[in-house]
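> Sharing a structure below in structure tokens format, with a few things to ask.
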Amino acid sequence: MSTVTKPAPAVVSAAPAAKPTVPFMLPQLHEADIEAVNKVLRSGMLRAASKCEELEKRLGEMSGAKHAMTCANGTCALQLAYEPLFKRGDDVLVPAWSYIATAAMLVARGCNPIFVDADPATGQIDMNDAAKRVTKKTTGIAATHMYGTPVDIDAVQDLAKKHGFKVVYDCAQSHLSTYKGQPVGKFGDAVTYSFYATKNLGTGEGGMITCNDDALARQIKLLRSHGETEKYLHEQVGYNYRMNDMAGAIACSRLDRLPAETAARQQAAARYDNLLSEFAAYITPMRATPGSVSVYHLYTLKLNIEKLRCSRDEFSKQLMAEGVPSAVHYPRSLPQQPAFKEFMGMQTAPWPIADSLGARVLSLPMHHGLTDAHFDQIINAIRKVIANNKA
Ligand SMILES: Cc1ncc(COP(=O)(O)O)c(C=O)c1O
């Protein structure tokens, strides 16, 4: 018996169609980036040195912050920011809709994450909900600028001022974003960044904390490097959470292009917004917070699954069959993560928005290299998948 079967139409086949796949992201390095790393390698100075310092100076300034400290990754950046600002046993408000690190590092600090629901239009922390969840033990807010978009910073700062809270903004996804005309490094007690490979400024691994307070900057620097004030003199216990100069060299080289690449992402997002309006009954793109300028780390939308006969995962599979990859950020809310089950007893209300996003969010290809042909392919694929799945 022949094992050759007739190929199914692309839209119902699990296998990718015989058409080029649109790149989901564009993480390639340029020759200049590679040369910058080679220079570090040839110098033999591999540890955090002049390249990390250059990055701190340049990205710190671009972010509007007085102090910038590179570190090993965005998770370490959160830990280094939380440790001096929050105490063991504190309740800290944190989005139910974020990457796990924002809340997990609160737990590492010995704090209780108090999960706040998401705003349905933006997917960002809902500050009206946050105000309702404040407890007697609450001392801070850890808010994530999700998808490239700043949160409602005025509302965060107002709540913080009212209660004397400390504020950390997790900016792992939102390098160079602005709020009411100001770079996001101007706000809060500390802002943390990730340079993970896929981030807008990716180096493989890497991170940074910015702040505007001299004493806090000193504390973070001490914690980053075993509390060392001079060679082998340790003022306090700390960690080795330093970055290295190979990563620093990549970041500095890529930073030259970041403003132009960010502008290209913003143009791509505007184009998506425009083209997707045709599918308004089925697709709602995440909106930017009023007053914010997003840098579109991701272009994420919500599927109106009630109007479709397929699940989000099936929708994504059928797009892939048309050569259009997509991704899910994220498949479940943080309160739905088993990792946080011991903190569920202290939560006062459910998270209807965040919990529902897990089944309906979808991120489309987003990078500075999207072409007319890519957009044609993406929009045609979406049109086809919707036509095949209308409820
Ligand atoms: C919102 C957010 N916070 C924190 C992190 C952690 O950064 P890293 O992977 O560099 O530790 C990430 C990375 O994915 C993130 O997206």
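Every number in this text was worked out from the coordinates using simple rules, so none of it is lab data. What you see is a predicted model; the values in this text were computed from it and never measured. Every residue, glycine as well, gets a Cβ built from its backbone with ideal geometry; the counts of neighbours run over all protein chains shown.
> Over the chain, consider all pairs of different Cα atoms and compute the Kirkwood hydrodynamic radius from their mean reciprocal separation; express it in Å, one decimal.
Working: mean 1/r = 0.0454 Å⁻¹.
About 22.0 Å for the chain.
> Comparing Ile153, Ile34, Ile353, which has the greatest mean-square fluctuation in the GNM of the chain with Cα pairs linked when under 10 Å apart?
Ile34
> Given a Förster distance of 45 angstrom, what is the FRET efficiency for Leu233 paired with Glu278, based on the Cβ-Cβ distance and rounded to 0.05?
E between Leu233 and Glu278, to the nearest 0.05, is 0.10.
> For region 86-226, divide the Cα radius of gyration by the Kirkwood radius and give the resulting Rg/Rh value with two decimals.
Ratio of gyration radius to Kirkwood radius for region 86-226: 0.94.
> Sorted by mean Cβ packing within 10 Å, highest first, what order do the peptides 283-295, 155-167 take?
Highest mean packing first, the order is 283-295, 155-167.
> Quick check: net charge around Thr284, other residues with Cβ under 10 Å of its Cβ, Lys/Arg +1 and Asp/Glu -1?
+3
> Rounded to the nearest 5, what % of DSSP beta bridges with both residues in region 31-255 are antiparallel?
Counting DSSP beta bridges with both partners in region 31-255, the antiparallel share is about 50 percent.
> Taking the Cα centroid of region 268-307 and of region 327-376, what is the distance between the two, rounded to the nearest whole Å?
If we compute the Cα centre of each part, the gap is 14 Å.
> At R0 = 35 Å, how high is the FRET efficiency between Arg332 and Arg287 if r is their beta carbon distance? Nearest 0.05 is fine.
0.95
> While we're on this one: Could you give the length gained by full extension between Arg47 and Ala215, i.e. 0.36 nm per residue of separation minus their alpha carbon distance, to one decimal place?
Length gained between Arg47 and Ala215: 58.0 nm.
> Given a cut-off of under 8 Å on Cα pairs at least six residues apart, what relative contact order in percent is computed for the chain?
RCO, the chain: 23 percent.
> Pull up the DSSP beta bridges for region 160-283 and report the antiparallel fraction as a percent, rounded to 5.
Expressed as a percentage, antiparallel bridges in region 160-283 total about 70.
> Follow-up. Taking the Cβ-Cβ separation of Asn38 and Asp154 as r and a Förster radius of 51 Å, what is the calculated FRET efficiency to the nearest 0.05? Can you show the working numbers first?
Details: r = 46 Å, r/R0 = 0.89.
The calculated FRET efficiency here is 0.65.
> May I ask you to sort Ile125, Ile386 by Cβ crowding, counting other Cβ atoms within 10 Å and putting the fewest first?
Details: Ile125 31, Ile386 20.
Placing the least packed residue first, the sequence is Ile386, Ile125.
> First check a/c for region 228-313, with a ≥ b ≥ c the square roots of the eigenvalues of its C-alpha gyration tensor; if it is under 1.5, answer rounded, and if not, answer prolate when a/b is larger than b/c or oblate otherwise. Present the calculation step by step, with values, prior to reporting the outcome.
Details: a/c = 3.54, a/b = 2.23, b/c = 1.59.
It is prolate, given that a/c is not under 1.5 and a/b is the larger ratio.
> I want the antiparallel fraction of DSSP beta bridges within the chain, as a percent rounded to 5.
Expressed as a percentage, antiparallel bridges in the chain total about 60.
> Over region 254-391, what per residue volume does the convex hull of the Cα atoms give, in whole Å³?
With only Cα atoms used, region 254-391 gives 155 Å³ per residue.
> Taking only DSSP H segments of four or more residues, each worth -39500 (n - 2.57), what value at 222 nm results for the chain once the sum is divided by all its residues, to the nearest 500 deg cm²/dmol?
Helix contribution divided over all residues of the chain: -11000 deg cm²/dmol.
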